[in-house]
Amino acid sequence: MNLPNKLTVLRMIMVPIFLVVLVVPLPIGETAMRIAAAVIFALTSLTDMLDGKIARKYNLVTDFGKLMDPLADKFLVIAAMVGILVRFGYLSDIFVWAVVIVVFRELAVTSIRCIAAQKKGLVVAASWLGKVKTTTQMICVISILLEPVILPFKPFTEWHLLSYVTTAAMTVMTLWSGIDYLKAYWPLLDPEK
């Protein structure tokens, strides 16, 4: 259990803490809740970048890290999106479809990783497109949390422009990276092989 793997485990531990701050009505007020949730989410997301950089720089890359690092990201992002749906009903009409796409893509890619590990003994590391997708997901979540705090004026307060633009970008990158993984690992899914 090296430092990068400890950071991955820490990220997984922070997911329920983040959800409590986001979803449970705390007596801290809406603005403080949004800021606290965004800070927890951002710091937790930062561990994703740190664990990878440390692992590569000090040659601490492990199969555990290759498998659990992307899973920890998925837990964090999916929890955040479900929490946003629960807490902020004004986004639900559009955001629910983005969440469905994200969850479907994450489950599909995780399944591909499992099949690759079972059939060929491969550990599928995150691609550059997968990393861009993760970044857009994290930007989207932080934007939704902080938009009313940093942009408390029209048209942002009425139309939630930043939230919808980042949701669209996140959805496009999620689809693109999912298709990329499917194309790259399609031969492993062939039952004849």
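The values are calculated or read from the model by the stated rules, or taken from the named source; none is laboratory data. All values reported here derive from a predicted model rather than from experimental measurement. Here the Cβ positions follow ideal geometry from the backbone for every residue, glycine too, while neighbour counts run over all protein chains shown. Please note that ligands, DNA and RNA were not included when accessible areas were found on the heavy atoms of the full protein model with its side chains. Shrake-Rupley method; radii C 1.70, N 1.55, O 1.52, S 1.80 Å.
Please list, ordered by first then second residue, the pairs with beta carbon atoms under 9 Å, 6 or more apart or interchain, first in region 32-51 and over 11 Å from M14 (Cα atoms) and in a helix (DSSP H, G or I), second acidic (D, E) and modelled with pLDDT under 95.
Filtered contacts from region 32-51: R34/E147; D48/D69; D48/D73; D51/D69.
Would you pick out the residues in region 24-35 that are closer than 12 Å to G83 by Cβ and surrounded by fewer than 17 Cβ atoms within 10 Å (Cβ to Cβ)?
Correct list: V24 only.
On the given criteria, is G89 at pLDDT below 85, within 30 Å of V24 (Cα to Cα) and either small (G, A, S) or open to solvent by less than 60 Å² (accessible area, probe 1.4 Å) (or both)?
Spelling it out, G89 is indeed at pLDDT below 85, within 30 Å of V24 (Cα to Cα) and either small (G, A, S) or open to solvent by less than 60 Å² (accessible area, probe 1.4 Å) (or both).
What is the one condition in (1) open to solvent by 50 Å² or more (accessible area, probe 1.4 Å); (2) hydrophobic (A, V, I, L, M, F, W, C); (3) more than 27 Å from P4 (Cα to Cα) that I84 does not satisfy?
Condition not satisfied by I84: (1).
Quick check on W176: is it closer than 17 Å to V132 by Cα and open to solvent by 40 Å² or more (accessible area, probe 1.4 Å)?
So W176 fits the description; yes.
T44: open to solvent by 10 Å² or more (accessible area, probe 1.4 Å) and either under 20 Å from S177 (Cα atoms) or of a type in the set (S, T, N, Q) (or both), yes or no?
Answer is no for this residue.
Please verify whether T157 is in contact with a Cys (Cβ under 6 Å, 6 or more places away or on another chain) and over 26 Å from L188 (Cβ atoms), treating the condition exactly as stated.
no
Considering only residues of region 117-163 that are in a helix (DSSP H, G or I), basic (K, R) and more than 18 Å from F75 (Cα to Cα), which is modelled with the highest pLDDT? Step through it out loud before you land on a result.
To start, the set of residues in region 117-163 that are in a helix (DSSP H, G or I) comprises 117-120, 128-150, 156-159, 161-163.
If we keep only those that are basic (K, R) too, we end up with 119-120, 131, 133.
If we keep only those that are more than 18 Å from F75 (Cα to Cα) too, we end up with 119-120.
Values: K119: 70, K120: 67.
Among them, the one singled out is K119.
Among what's in region 5-31 and is in contact with a helix residue (DSSP H, G or I) (Cβ under 8 Å, 6 or more places away or on another chain) and not in a helix (DSSP H, G or I), pick the residue that is nearest to D63 (Cα to Cα).
L26
Looking at region 151-174, I want the residues that are on the phi > 0 side of the Ramachandran plot and have a partner that is open to solvent by 30 Å² or more (accessible area, probe 1.4 Å) with Cβ atoms under 9 Å, at least 6 apart or on another chain. Which pairs are those?
Short answer, once both residue conditions are applied: H160/Y90; H160/P148.
When you go through V100, V109, V96 one by one, which is the residue that is touching a residue at least 12 places away in the same chain (Cβ under 8 Å) and of a type outside the set (D, E)? Full working, then the answer.
Details: V100 fails: touching a residue at least 12 places away in the same chain (Cβ under 8 Å); V96 fails: touching a residue at least 12 places away in the same chain (Cβ under 8 Å).
It is V109.
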